[in-house]
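Read through the structure below, which is laid out as C-alpha cells, and then see the notes.
Laboratory data are not the source of any read-out in this text; all were calculated from the coordinates shown. Note that this is a predicted model, so its numbers are computed, not measured. No Cβ is skipped: glycine too gets one built from the backbone with ideal geometry, and neighbour counts run over all protein chains shown.
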Amino acid sequence: MAELVRTPEARFEGLPGYDYDAEYVSVGEPEMAYVDEGDGEETFLCLHGEPTYSYLYRKMVPPLAEQGRVLAPDFVGFGRSEKYTDEDAYSFDRHFDWLVTFLEELDLDGLTLVCQDWGGILGLAAAAHHPERFDRIVPMNTGIPDGTQEMPEVWHQFREMVETADHLDVAPLVEAGCATELPEPVLDGYRAPFHTEAVKASVRTWPGMVPLSPDDEGAAVMRATRERLADWEKPAFVLFSDSDPITRPSRDPLREFLPTAGEQPDVWVEGAGHFLQEDAGEAVAEHIAGFVDRT
C-alpha cells in the first residue's frame with residue numbers, strides 16, 4: 001500500500017484569515033479534511049483546484065456563512081487532507097470516487113456547488129451523476145474536458161513544469177494565476193500543506209489527469225457529465241473572471257451549454273485572474289449570495 005502522510009497541524013497555525021478548525025471524514029483509505037462553518041437552510045460546497053486547498057476560500061467563507069452552512073473540503077493530497085507520497089496512488093477515477101464518498105459520508109443534499117479549476121471538473125461531474133444532492137451550480141474558471149477540447153499552450157507549459165521541476169514551490173504557481181500581488185504570509189499559506197517534496201505527488205499528477213483524448217481515463221465520466229448537464233434544469237450561474245488566460249475562452253460556450261445559465265446575469269468578475277477567490281473573494285461571494293436569493 002502506498003504511504004499516507006498527514007501534514008503537521010503546526011504548519012497551518014497563524015495563517016492569515018484561516019482560523020478554521022479541520023473536520024475529518026474517511027473516504028476509503030485516506031481521510032479528507034474540510035472546513036465546516038455556519039448553519040441554515042442553504043449549504044454551500046466550495047471545491048478548490050490545483051495546487052490550492054480550502055485556504056483559497058477563506059475570504060468567501062464568512063459572507064457565505066451568513067446565508068447558511070459552508071463546506072470547503074481539501075481534496076486528497078491537498079491542504080490538511082491525507083496525502084500519498086506515491087504518484088501512482090492518484091488517478092482521475094480515485095479523485096472522483098473520493099469526492100462522491102465525501103458527499104455520501106456526510107449525507108449532503110440541497111447543495112449549492114461553488115467550484116473552480118479541478119474543483120469544477122470533479123464537482124460538475126458529481127452534480128451530473130448525483131443531481132439529487134444539488135440544488136444549484138456555480139462553475140467558475142473551469143470546464144468539462146472530455147478529451148475533445150483544445151488546451152491552451154500556457155496550460156501545457158504549466159503541466160510540464162509541475163511534472164518535471166526538481167523542487168516544486170506551489171506559491172509562485174498560485175501567484176502567477178492571480179491578478180494581484182500576494183503578500184509573503186499568504187504565499188506561505190499556500191506552501192503550508194507541502195512539508196516534504198514527496199507529498200507534492202498530488203500537485204505533480206493532477207494536470208496530467210485532464211483527459212486529452214476520448215480514450216483517456218476520466219473521458220467517459222466527463223462525456224456522461226456533458227450529456228447530463230445538457231439537460232440540467234436547476235439554476236446555474238456561470239461566474240468567470242476577466243483575466244484568466246487558461247479558462248476565459250471556455251466561459252461563453254459553457255454559459256450557452258448549460259440550459260438555465262442564460263437566466264442569470266451576464267457578469268464577469270473584474271480584476272481577477274485564474275484564482276478569482278483570492279483576487280476578489282468578497283465580490284465573488286456577493287455574486288453567489290445574490291444568485292441564491294434570486295433562485
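Things to note:
- Fully extended contour minus Cα-Cα distance, from Arg11 to His195, at 0.36 nm per residue: 65.4 nm
- For the chain, the relative contact order comes to 21 percent (Cα pairs under 8 Å, sequence separation of at least 6).
- Structure-derived P(r) over Cα pairs in 10 Å bins from 0, in percent - corresponding label in [x] 6, 21, 19, 14, 15, 13, 9, 4, 0; [y] 6, 26, 34, 24, 8, 1, 0; [z] 6, 31, 40, 21, 2: [z]
- Sorted peptide list for 165-178, 137-150, criterion being average Cβ within 10 angstrom, highest first: 137-150, 165-178
- A straight chain from Ala230 to Ser26 at 0.36 nm per residue would run longer than the Cα-Cα distance by 70.2 nm.
- Additional length obtainable on full extension of the chain from His156 to Asp88, 0.36 nm per residue less Cα span: 22.4 nm
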